[in-house]
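Below is one structure, written out as structure tokens; comments come after it.
The values are calculated or read from the model by the stated rules, or taken from the named source; none is laboratory data. Computed from a predicted structure; not experimentally measured. Glycine gets a Cβ as well: all are built from the backbone with ideal geometry, and neighbour counts include every protein chain shown.
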Amino acid sequence: MSFLDFPNEGKQINRPQEKPLNYWEEQSYITAVSNNNNGIDFDGIFDRVEAVEGITIKQKQNFTADQRILGSVVADYYGEEFEISFYYDNFENRSIYGMDMTSLSKNEIYAIKNAKMSLTVFMHFNKNALKSYHLQIKFILAAMPDLAAVYDESAEKIISGRQIRLYAKSDILPTALFSIQFINSREKGGGAWLHTHGLCRCGLTELEILKSCGKCAEIHAKMINTLAVRLLEKGSRHRAYRIGKFGNEMPIVVTYVPWTEALEEYNAFDLGGYRDRENGHNSRTSVIFAYKNERDVFLDNYSKVNIYDELCESSDPVFFLSIEQTEKIRAISRERFEYVKKAWETLDCHVLIEIGFEIDEKYRQDAGKTEKECIWFELVDIKEDSFTAKLAQNAYWVDDIHEGDIMELTVDDVTNWRIYTKKIAVTPENVYLLFDD
């Protein structure tokens, strides 16, 4: 007998109970494979870890059991204490079959498909999940400097070793510690089931949307991503979240409801319904719902996100970035501007660079506050400490600059950038895709 005793369709179903978290939801589990199978230098692992800026090892243990090398450390990381455990073992390749490897290079794919041994690092996240994840990434890279890729079991995704290196050497906390998966129904009109993996380890709930279809599925994924990042940055302190708006200025205001309650709004046999919860997606996970208006927010009268379907089909909504996200994009763009220089000098590419200008005082909503308009430029040339760019658009709130103007600018002016080649377009977040090293 399963934990759900399914009745015939159309009969009442008793609400099931939320199940305990699985081990990969309670802790963060990440497995790394190297570019070779010559083993890991365990004699130097603690020295390499402690050489990472900000890490001080307070306790350490390393031993062998059942032909596996096991270890753990208690480390101080910028004033917080973490316990990190690891083991070296056979790599189960079957666990990654069917997973998305499009972000991996040919060498990385070869390494992960032919790996015999691997290093798994697991830990409980502290209150600041982003900081905890950053530490885990740095630990993994120090423990296995020649890593090719990692399998993030908690997030159910594979990450390129090049991206891990970008994360590890950055001063900016990464937010890409979850994945959004799409499962399509085989039945006509059944729609898709979108859900996350990786948020439980952060002390949050996983997020889902059911009965998604067509163009709406892409927008629903952005809804999930926007809300997930908001929760990672600020925690789950509110009931309603204003995450965006449509072109007609209609706001997108959402909430999330535990699956045990949320599924009462859906047919028991829909994709993502009760029958799909027997062996998974039955612990701490919640379905996203929407509010039609302020009165519904006040009454907590939520509706399925399908209330936005007509608007989704006819227009593209704008999703809001928090102040923290905006600052993070600006900081990453400047930190990784070296890749713009490298691409410009070595690749056949077109580059757009976003610059922030203070808007004219007459346009400011708050006279005592500095406001900026972000404007895109086409890169013309790069020098040692500056670059030349041509304004690609007219400004709305800065009167003395115009499309076609050529200006000399510096990295300190940059707020974002895009690199376009004949095959790919990249951002500061995924610029590693351009280069194999």
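Observations, loosely collected:
- Meets criteria (touching a Lys or Arg at 6+ places or on another chain (Cβ under 8 Å), touching a residue at least 60 places away in the same chain (Cβ under 8 Å) and of a type outside the set (Ser, Thr, Tyr)) for Phe139: no
- Against the criterion of being at pLDDT below 90 and hydrophobic (A, V, I, L, M, F, W, C), Ala268 qualifies.
- Filter pass, Tyr308 being farther than 17 Å from Glu261 by Cα, out of contact with any Pro (no Cβ under 7 Å at 6 or more places or on another chain) and among the hydroxyl-bearing types (Ser, Thr, Tyr): yes
- Test for Asp76: is it farther than 15 Å from Gln27 by Cβ and modelled with pLDDT under 90: no
- Residue within segment 120-130 that is among the charged types (D, E, K, R) and either farther than 19 Å from Ile40 by Cβ or in contact with a Pro (Cβ under 7 Å, 6 or more places away or on another chain) (or both) present: yes
- Here the condition is being under 25 Å from Ser160 (Cα atoms), hydroxyl-bearing (Ser, Thr, Tyr) and part of a strand (DSSP E or B); of Thr64, Thr102, Thr56, Thr31, it holds for Thr31 alone.
- Only one entry in Ile69, Ile96, Ile84 is under 24 Å from the mean Cα position of the chain (by Cα), at pLDDT below 90 and assigned by TED's automatic domain parsing to the domain that holds Ser154, namely Ile96.
- Yes/no for Arg334 being assigned by TED's automatic domain parsing to the domain that holds Leu207, part of a helix (DSSP H, G or I) and modelled with pLDDT of 90 or more: no
- Only one entry in Asp399, Asp385 is assigned by TED's automatic domain parsing to the domain that holds Glu338 and closer than 25 Å to Arg336 by Cα, namely Asp385.
- Test: residue in segment 288-303 that is exposed (fewer than 15 other Cβ atoms within 10 Å of the Cβ), closer than 30 Å to Thr415 by Cα and aliphatic (A, V, I, L, M): no
- Filtered residues of segment 332-350 (kept if within 16 Å of Asn430 (Cβ to Cβ) and either touching a strand residue (DSSP E or B) at 6+ places or on another chain (Cβ under 7 Å) or aliphatic (A, V, I, L, M) (or both)): Ile332, Ser333, Phe337, Val340, Ala343, Leu347, Cys349
- Of all residues in segment 277-304, those satisfying the criterion of being without any contact (Cβ under 8 Å) to a residue 12 or more places away in the chain, part of a loop (DSSP other than H, G, I, E, B) and farther than 30 Å from Trp24 by Cβ are Asn293, Asn301.
- Residues of segment 244-272 that turn out to be surrounded by fewer than 22 Cβ atoms within 10 Å (Cβ to Cβ), among the hydrophobic types (A, V, I, L, M, F, W, C) and within 20 Å of the chain's Cα centre (by Cα), as a count: 0
- Scanning segment 238-276 for residues that are over 20 Å from Arg186 (Cα atoms), touching a Leu at 6+ places or on another chain (Cβ under 9 Å) and in a loop (DSSP other than H, G, I, E, B) yields a total of 4.
So that you can scan it fast, the table gives a plain yes or no per residue for (1) under 27 Å from the mean Cα position of the chain (by Cα); (2) over 23 Å from Thr255 (Cβ atoms):
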{"site": "Glu310", "(1), (2)": "no, no"}
{"site": "Phe320", "(1), (2)": "yes, no"}
{"site": "Asp348", "(1), (2)": "no, yes"}
{"site": "Val351", "(1), (2)": "yes, yes"}
{"site": "Ile355", "(1), (2)": "yes, yes"}
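- Residue list for segment 367-376, filter: under 31 Å from the mean Cα position of the chain (by Cα) and part of a loop (DSSP other than H, G, I, E, B): Thr370, Glu371
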